There are 2 protein chains.
Amino acid sequence: MHRPVHEEHHFTAGETVRDIVIGMSDGLTVPFALAAGLSSTAVATSIIVTAGLAEIAAGSIAMGLGGYLAARSDAEHYASEKAREEREVEVVPQAEEDEVSAVFREYGLTEAEIAPVLRSFRERPDAWVDFMMRFELNLEEPDPRRALSSALTIAGAYIVGGLIPLSPYMVLPTASAALPVSVTVTIAALSVFGYVKGRFTGTRPWRSALQTALIGGAAAAAAFLIARVFA
Amino acid sequence: MHRPVHEEHHFTAGETVRDIVIGMSDGLTVPFALAAGLSSTAVATSIIVTAGLAEIAAGSIAMGLGGYLAARSDAEHYASEKAREEREVEVVPQAEEDEVSAVFREYGLTEAEIAPVLRSFRERPDAWVDFMMRFELNLEEPDPRRALSSALTIAGAYIVGGLIPLSPYMVLPTASAALPVSVTVTIAALSVFGYVKGRFTGTRPWRSALQTALIGGAAAAAAFLIARVFA
């Protein structure tokens, strides 16, 4: 449909990359901030590690299972809306033709220019329904097999991301020794991750690196202050 | 464009409702699971409350600020893609006409039926660009003013959601006393929230209630087991 060179200009991230980005940005950020927050209190590193692992378990399941069920709902929503459009194209074709006309009138087409499109749709109800799904309802057909792999990718990326800020607390004896290492390692990981994410999604890479590091830093600073006030 | 009765059939959640759903589902789930996980260890309720508040601070900032920056990136992405299409429509109109034709050929239209549409677009470059943005690139124009209110809504919903599972640990003396109250209150809140969410998004409400409670319960159970193993 496109010349390859054009396609490349409009390059956007594949779905697996998008799932890794979703899981890893939260995985790097929230366990990092939680551990930093608990470091401001007098608790032992073993409790910080336990809390961090509990957070990783909870976060990865909430994101993965949540994503899985949302994808399944989307697939069912698409199927039920499609069944409705199929019924309407058959039962109230005039109303559906008005809707097609409305879509094209938005782009300045006249009734005379729209007429051949309507004629073509009357002969091809399947194409008509596909058109209504995409251009009236703005729904893309979800791939039902993606739900499970998407859920596992998001959960896995969350776990990998979350173990990075937590690892210094596992090997160093005190929270005050582990905190600066965790901050350094995680801000570096967030920057690299933000840079790579920017390359994949078409955002300027250095700006993406800065933004990702900023979110992580702000979350960690807020958690640190809140924990210090309430501990 | 539609008769009201038809519009109502395709009812989908407004953007504010969607933001509340995003913030509250994670806010109810992750702090709940973290507190449940820490309850399986011997730590004092004051540490559970501190960890929970640190998590709420981190999670609400990660989601709110992350959402804000993502919305800003989307707006910039849209603007740069639109500038590209405007240039292409002017510089390589033949290539862009081929792309319009490709969109319509997917729906079974012949070149003769497409010709008047192309003629109309040549006279209206603005409509042509709008058409390419939506139908070729599948991009909707984001509202730049939404970014801030969306970020605040998501963060606020996360905070409100997170304080529900945490409140029993604030008032009851021991974690073993607070845990069953937190589980009961939160599973009830998740079910009500899931039911209301289902009403707004067109999913069957009882099923949505069950799914939301299931995600929260699974995340809490995993956090509880992980914390018990590692504590």
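The values are calculated or read from the model by the stated rules, or taken from the named source; none is laboratory data. This structure is a prediction, so every number in the text was calculated from the model and none was measured. A quick note on method: Cβ atoms are made from the backbone with ideal geometry, for glycine too, and the neighbour counts reach across all protein chains shown. What goes into the accessible areas is simple: the full protein's heavy atoms, side chains included, and nothing from ligands, DNA or RNA. Shrake-Rupley method; radii C 1.70, N 1.55, O 1.52, S 1.80 Å.
In the range A:50-77, what residues are over 18 Å from B:ALA213 (Cα atoms) and open to solvent by 20 Å² or more (accessible area, probe 1.4 Å)? A:LEU53, A:ASP74, A:ALA75, A:GLU76, A:HIS77, listed by residue number. The set of residues in the range B:118-134 being facing another protein chain (nearest Cβ under 9 Å) and under 15 Å from B:GLN94 (Cβ atoms) consists of B:ARG119, B:PHE121, B:TRP128. In the range B:1-38, of all residues being acidic (Asp, Glu) and modelled with pLDDT of 50 or more, the one that is surrounded by the most Cβ atoms within 10 Å (Cβ to Cβ) corresponds to B:ASP26. For the range A:80-97, the criterion of being open to solvent by less than 50 Å² (accessible area, probe 1.4 Å) and of a type in the set (Ser, Thr, Tyr) is met by none of the residues.
Looking only at residues that are hydroxyl-bearing (Ser, Thr, Tyr) and part of a helix (DSSP H, G or I) in the range B:186-216, which one is most open to solvent (accessible area, probe 1.4 Å)? Among those that are hydroxyl-bearing (Ser, Thr, Tyr) and part of a helix (DSSP H, G or I), it is B:TYR195. Taken over the range A:21-58, the criterion of being of a type in the set (A, V, I, L, M, F, W, C) and not in a helix (DSSP H, G or I) is satisfied by A:ALA42, A:VAL43, A:ALA44. Among the residues examined, B:SER182 qualifies as away from every other protein chain (no Cβ under 12 Å) and open to solvent by less than 10 Å² (accessible area, probe 1.4 Å). Listed by position, the helices (runs of 4 or more DSSP H) enclosed by the range A:101-185 that each have at least 1 residues that are over 29 Å from the mean Cα position of the chain (by Cα) and more than 26 Å from A:ALA54 (Cβ to Cβ) are A:111-123, A:125-131. Each residue in the range B:77-113 was checked for being away from chain A (no Cβ under 11 Å) and among the β-branched types (Val, Ile, Thr), and 2 of them qualify. Taken as a whole, the structure places B:THR153 among residues that are at pLDDT 85 or above and open to solvent by 20 Å² or more (accessible area, probe 1.4 Å). Test B:ALA83 against the stated conditions and say whether it is part of a helix (DSSP H, G or I) and closer than 30 Å to A:PHE131 by Cβ. Against the criterion (part of a helix (DSSP H, G or I) and closer than 30 Å to A:PHE131 by Cβ), B:ALA83 qualifies.
Any chance the range B:135-147 includes a residue that's within 8 Å of chain A (Cβ to nearest Cβ), at pLDDT 85 or above and open to solvent by 50 Å² or more (accessible area, probe 1.4 Å)? Outline the logic, then answer.
Residues of the range B:135-147 within 8 Å of chain A (Cβ to nearest Cβ): B:135, B:137-138, B:140.
Within this subset, residues satisfying the condition of being at pLDDT 85 or above are none.
No, the conditions are met nowhere in the range B:135-147.
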